[in-house]
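> Here it is, the structure in full.
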Amino acid sequence: MSFPWANEYKPSHPFMVWMDEKLPLPRLVYNAVGGGYEVPRNINYMWNFGFLAGLCLVIQIVTGVVLAMHYGGNTAVAFDSTEHIMRDVNWGWMLRYGHANGAAAFFAVIYLHIFRGFYYGSYKAPREMIWLLGVVIFLLMMATAFMGYVLPWGQMSYWAAQVITGLFSAIPLIGDPLKEWLLGGFAPGNATLNRFFSLHFLLPFVILGVVILHVWALHIPGSSNPTGVEVKSESDTLPFYPYFVAKDGWTIGVFMLIYGAFVFFMPNALGHPDNYIPANPMQTPAHIVPEWYFWPFYAILRSFTQNFLMFDAKLLGVLAMFAAILVWFFLPWLDKSPVRSATYRPLYRKFFWALVIDVLILGYLGGMPAEQPYILIAQLATMYYFLHFLVIVPIVSSIERPEPLPFSITESVLGTDGQAHLGPQG
């Protein structure tokens, strides 16, 4: 959103004046992430994770492109080419560890970004499109990460491909042909690795395109803020540059310290040791698990152990796993509360933290063996997960009595006197 008081781009150098007339890219950048973009003055550090997600995407694309120059997308050489990168390519070990841990960092940042949206109601009008595009980005990330996990062609890579693609066989009528089409055969093989490598290389650029749409959609209504109150005057905002660029810069420094600690000191802490064993179709690992960022959804998948009416348990698990993400698409319409931020919604705030605990439990259970009591706990946690979005959120938004909102963003920051009010925020 361009406010009347936003700084105007005024090039002074003759070359920049000419550039602004012929190809106004500097103006676009200035208005998108510079002094021309006004941001609510009260946004906290939780708003920095969107910027960090963009940094993670850049890291993944840069390291991924260089890794692709040395990787062999063939079952005969894939594992050895990965080891070649680690041992023979200059700084190859750092590129590979940076890429693998970068994926984990990307998902960690995105999860914090998503749950910030849950807490502060960032999915509510007029920002529904931003939220919907964000969910699309998350789905694309999951597909990209899964195919990337297969590429080293270790034991866990092979069997993860076998298990995940095997889920499609649960779909009635078209399941088995669809699975064979995805794999290029009856089991993971050379055709599977080739197409997964191609798609893993392509999808990050698709993600980049959707991210551009995501940011574009953000600039139409403007950024949300912790109060959920819309901007009313010039005193409610500050230019993105230099204030929030400096704030993001500090966050980048902290992020790089943590990211560097994993890359240089514990690069395999988040991986699975079985993936350092070459893929062997004749030997199934004792415990097949995906990467940690898939564990909550993996727990939901495995929580269905009994057939129900005409529905196979495997099919129910697959539907529930996808529904666990697809339900986010409907959140802007399931939550009918006129107040956005959980800061002023005491009842919703309690259920939000219950959801956080529930997802952490699901994540823990997803990494555990498929046995009791883990399955029973996962079934209860899965039940609560869907109850939260489909039952609790609509009911709470209807019966809750929110606390008084500040009259403006400035009042929430400076504590000036103003008229508190409830109701729709415009």
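> Just for helices (runs of 4 or more DSSP H) wholly inside segment 168-275: which have at least 1 residues that are over 26 Å from MET46 (Cα atoms) and in contact with a strand residue (DSSP E or B) (Cβ under 8 Å, 6 or more places away or on another chain)?
Values: elements: 175-183, 190-219, 245-265.
Where helices (runs of 4 or more DSSP H) fall fully within segment 168-275, none carries at least 1 residues being over 26 Å from MET46 (Cα atoms) and in contact with a strand residue (DSSP E or B) (Cβ under 8 Å, 6 or more places away or on another chain).
> I'd like the full set of residues that are assigned to a helix (DSSP H, G or I) and either surrounded by 13 or more Cβ atoms within 10 Å (Cβ to Cβ) or on the phi > 0 side of the Ramachandran plot (or both), limited to segment 6-40. Lay out the reasoning, then the answer.
Step one: list which residues in segment 6-40 are assigned to a helix (DSSP H, G or I), which gives 14-22, 25-33.
Those that are assigned to a helix (DSSP H, G or I) and either surrounded by 13 or more Cβ atoms within 10 Å (Cβ to Cβ) or on the phi > 0 side of the Ramachandran plot (or both): MET16, MET19, ASP20, PRO26, ARG27, LEU28, VAL29, TYR30, ASN31, ALA32, VAL33.
> A further question on this structure: Among the residues of segment 63-83, which ones are over 14 Å from TRP93 (Cα atoms) and β-branched (Val, Ile, Thr)?
Listed by number, the residues that qualify are VAL65, THR75, VAL77.
> Another one. Return yes when PHE49 is in a helix (DSSP H, G or I), under 25 Å from LEU213 (Cβ atoms), open to solvent by 30 Å² or more (accessible area, probe 1.4 Å) and assigned by TED's automatic domain parsing to the domain that holds GLY209 and no when it is not. Explain how you work it out, then say what you get.
Working: in a helix (DSSP H, G or I): yes; under 25 Å from LEU213 (Cβ atoms): yes; open to solvent by 30 Å² or more (accessible area, probe 1.4 Å): yes; assigned by TED's automatic domain parsing to the domain that holds GLY209: yes.
Yes.
> Could you run through segment 306-321 and say how many residues are open to solvent by less than 30 Å² (accessible area, probe 1.4 Å), of a type in the set (A, V, I, L, M, F, W, C) and either within 20 Å of TRP295 (Cβ to Cβ) or without any contact (Cβ under 8 Å) to a residue 24 or more places away in the chain (or both)? Explain how you work it out, then say what you get.
Of all residues in segment 306-321, those open to solvent by less than 30 Å² (accessible area, probe 1.4 Å) come to 313, 315, 317-318, 320.
Narrowing the set further to residues that are of a type in the set (A, V, I, L, M, F, W, C) leaves 313, 315, 318, 320.
Those left that are additionally either within 20 Å of TRP295 (Cβ to Cβ) or without any contact (Cβ under 8 Å) to a residue 24 or more places away in the chain (or both): 313, 318, 320.
The total comes to 3.
> What residue, among those in segment 361-371 that are open to solvent by 60 Å² or more (accessible area, probe 1.4 Å) and in contact (Cβ under 8 Å) with a residue 24 or more places away in the chain, is nearest to PHE304 (Cα to Cα)? Give the steps one after another, and end with the answer.
The initial filter retains those residues of segment 361-371 that are open to solvent by 60 Å² or more (accessible area, probe 1.4 Å), namely 361, 364, 370-371.
From the residues that got through so far, the ones that are in contact (Cβ under 8 Å) with a residue 24 or more places away in the chain too are 364, 370.
Values: TYR364: 17, ALA370: 11 Å.
Per the criteria, the residue is ALA370.
Here's the yes/no breakdown for (1) over 26 Å from PHE146 (Cβ atoms); (2) open to solvent by less than 70 Å² (accessible area, probe 1.4 Å); (3) in contact with a helix residue (DSSP H, G or I) (Cβ under 7 Å, 6 or more places away or on another chain):
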| residue | (1), (2), (3) |
| --- | --- |
| TYR298 | no, yes, yes |
| SER303 | no, yes, yes |
| LYS336 | yes, no, yes |
| THR343 | yes, yes, no |
| PRO373 | yes, no, no |
| LEU387 | yes, no, no |
| GLU400 | yes, yes, yes |
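> While we're looking at this one, here's another question. Please report, ordered by residue number, the helices (runs of 4 or more DSSP H) entirely within segment 329-414 with at least 2 residues that are of a type in the set (S, T, N, Q) and farther than 18 Å from SER224 by Cβ.
Passing ranges, in order: 374-387.
> Being part of a helix (DSSP H, G or I) and open to solvent by 70 Å² or more (accessible area, probe 1.4 Å) is the filter here, so list the residues in segment 73-95 that pass it. First the steps, then the outcome.
Initially, segment 73-95 is screened for residues part of a helix (DSSP H, G or I), giving 78-87, 92-95.
Those that are part of a helix (DSSP H, G or I) and open to solvent by 70 Å² or more (accessible area, probe 1.4 Å): ASP80, HIS84, ARG87, TRP93.
> Oh, and also: Tell me the residue from GLY134, GLY64, GLY72 that is under 16 Å from the mean Cα position of the chain (by Cα) and assigned by TED's automatic domain parsing to the domain that holds VAL254, please.
Details: GLY64 fails: under 16 Å from the mean Cα position of the chain (by Cα); GLY72 fails: under 16 Å from the mean Cα position of the chain (by Cα).
Only one candidate passes the filter, namely GLY134.
> Considering ALA160, ALA145, ALA125, ALA103, which residue is open to solvent by less than 40 Å² (accessible area, probe 1.4 Å) and more than 16 Å from the chain's Cα centre (by Cα)?
Values: ALA145 fails: more than 16 Å from the chain's Cα centre (by Cα); ALA125 fails: open to solvent by less than 40 Å² (accessible area, probe 1.4 Å); ALA103 fails: more than 16 Å from the chain's Cα centre (by Cα).
Matching residue, one of ALA160, ALA145, ALA125, ALA103: ALA160.
> Here's another thing I want to ask about it. Taking segment 402-413 as the search range and keeping residues that are of a type in the set (A, V, I, L, M, F, W, C) and open to solvent by 20 Å² or more (accessible area, probe 1.4 Å), which one is nearest to ASN42 (Cα to Cα)? Walk me through how you get there before you give the answer.
From segment 402-413, those of a type in the set (A, V, I, L, M, F, W, C) are 405, 407, 409, 413; that's our starting set.
Narrowing the set further to residues that are open to solvent by 20 Å² or more (accessible area, probe 1.4 Å) leaves 407, 413.
On the way: PHE407: 14, VAL413: 6 Å.
Selected residue: VAL413.
> Continuing with this model, one more query. So which of VAL109, VAL150 is within 30 Å of GLU230 (Cα to Cα), crowded, with 20+ Cβ neighbours inside 10 Å and aliphatic (A, V, I, L, M)? Full working, then the answer.
Working: VAL150 fails: within 30 Å of GLU230 (Cα to Cα).
Residue meeting the stated conditions: VAL109.
> Might you let me know whether segment 279-290 holds any residue that is in a helix (DSSP H, G or I) and touching a Pro at 6+ places or on another chain (Cβ under 8 Å)?
no
> Within segment 265-297, how many residues turn out to be more than 19 Å from THR82 (Cβ to Cβ), touching a residue at least 24 places away in the same chain (Cβ under 8 Å) and not aliphatic (A, V, I, L, M)?
9
The values are calculated or read from the model by the stated rules, or taken from the named source; none is laboratory data. Only a predicted model underlies this, so the values are computations on that prediction, with no experimental measurement involved. Note that we place each Cβ from the backbone using ideal geometry, even for glycine, and neighbour counts take in every protein chain shown. Keep in mind that these areas ignore ligands, DNA and RNA; they rest on the heavy atoms of the full protein, side chains included. Shrake-Rupley method; radii C 1.70, N 1.55, O 1.52, S 1.80 Å.
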